[in-house]
Amino acid sequence: MLVLKSLHIIFVVSWFAGLFYLPRIFVNHAMVTDAATIERLGMMERKLYRFVTPIGILAVVLGLWLWFGYGFAGGWLHAKTALVVLLIVYHLYCGKLMRDFAAGRNTRSHVWYRVFNEIPVLVLFVVVFLVVLKPF
Ligand code: HEM
């Protein structure tokens, strides 16, 4: 179980690296106007999204394996899973925003993306306190 939990934490950390960095690229993408930089940022977004998606799937699958394989229970796990569903929606929405940028359809400002970028930070704080403290 400890090997599974170690792998779970490793993939969670890697997933969050992508969830923190991709919206940061969006912040820059929303500010630039020259074609060469727009092309480079678009390529970075596509490569990062393609890399971090399977990592996110592995983080969730390992979490579910821990949950159902080792009989974990409690309100903390339900609250945590609800927040993870929010993270999955956030991840998929980043994919939609990436496609909007690629099609020249972005309408959001860099300020909007700076606020959007903080959502995974808040979720990380709450999820880690939930899983370590198990308050309910
Ligand atoms: C549906 C998705 C997930 C499920 C079902 C899940 C489930 C679990 C379970 C059952 C444990 C073992 C708890 C223990 O040993 O006390 C665990 C550990 C952990 N999970 Fe998740 N998890 C999921 C996603 C996540 C995400 C997205 C994060 C990060 C924000 C996360 C962070 C952690 C941490 C830090 C631990 C280690 C806690 C400890 O050792 O005390 N998990 N997870």
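The values are calculated or read from the model by the stated rules, or taken from the named source; none is laboratory data. For clarity, every value in this text was computed on a predicted model and none was experimentally measured. Neighbour counts run over all protein chains shown; Cβ positions are idealised from the backbone, glycine included. Ligands, DNA and RNA are stripped out before the accessible areas are found, and what is left, the full protein with its side chains, is counted by its heavy atoms. Shrake-Rupley method; radii C 1.70, N 1.55, O 1.52, S 1.80 Å.
Computed quantities for the displayed model
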read-out: Region 42-56: number of residues that are in contact with a Ser or Thr (Cβ under 6 Å, 6 or more places away or on another chain) and within 9 Å of the ligand (Cβ to nearest atom); value: 0
read-out: Pairs where the first residue, in region 4-15, is closer than 20 Å to Val121 by Cβ and the second is more than 9 Å from the ligand (Cβ to nearest atom), C-beta under 7 Å, 6+ apart; value: Phe11/Ile55; Phe11/Leu58; Ser14/Ile55; Trp15/Val52; Trp15/Ile55
read-out: Test: residue in region 117-132 that is acidic (Asp, Glu) and more than 30 Å from Phe72 (Cα to Cα); value: no
read-out: Any chance Ile55 is of a type in the set (A, V, I, L, M, F, W, C), in contact with a His (Cβ under 8 Å, 6 or more places away or on another chain) and either surrounded by fewer than 17 Cβ atoms within 10 Å (Cβ to Cβ) or at pLDDT 95 or above (or both); value: no
read-out: Filter result for Phe116 (aromatic (Phe, Trp, Tyr) and exposed (fewer than 12 other Cβ atoms within 10 Å of the Cβ)); value: no
read-out: From Phe136, Phe68, residue being open to solvent by 40 Å² or more (accessible area, probe 1.4 Å), modelled with pLDDT under 95, near the ligand (Cβ under 9 Å from one of its atoms) and hydrophobic (A, V, I, L, M, F, W, C); value: Phe68
read-out: Only one of Ala73, Ala82, Ala59, Ala102 that is in contact (Cβ under 8 Å) with a residue 12 or more places away in the chain and within 13 Å of the ligand (Cβ to nearest atom); value: Ala59
read-out: Candidate set from region 22-49 (those that are surrounded by 13 or more Cβ atoms within 10 Å (Cβ to Cβ) and small (Gly, Ala, Ser)); member that is nearest to Glu118 (Cα to Cα); value: Ala30
